[in-house]
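Below is one structure; the comments refer to it alone.
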Amino acid sequence: MEGYAAGGCLPYAKAVAARQPWLRLYLHDWVGLRPGLSRTVPHIKSYCRCSPDGLRIAWFLLTR
């Protein structure tokens, strides 16, 4: 999936986007450098461990 349809997972209405044009600076197009990856959306996983009291993050890991 590419283009506008690929962004369907973002809970972000068109009307909100019109009022917040600065947000486009933080959105990026994916380009794969190897053959066969140019149409593949990147996949990440995130892991977090909270402190026993739940108020702080002990560690955070983001994979790509």
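Tell me which residues, restricted to segment 40-64, are modelled with pLDDT of 90 or more and among the hydrophobic types (A, V, I, L, M, F, W, C).
Selection gives Cys48, Cys50, Leu55, Ile57, Ala58, Trp59, Phe60, Leu61, Leu62.
For residues that are surrounded by 10 or more Cβ atoms within 10 Å (Cβ to Cβ) and under 21 Å from Pro11 (Cα atoms), scanning just segment 21-39, find the one that is modelled with the highest pLDDT.
Taking the candidates together, the pick is Leu23.
The values are calculated or read from the model by the stated rules, or taken from the named source; none is laboratory data. Fair warning: this is a prediction, and the values are worked out from it, not measured in the lab. FYI the Cβ positions are ideal-geometry reconstructions off the backbone, even for glycines, and counts take in every protein chain you see.
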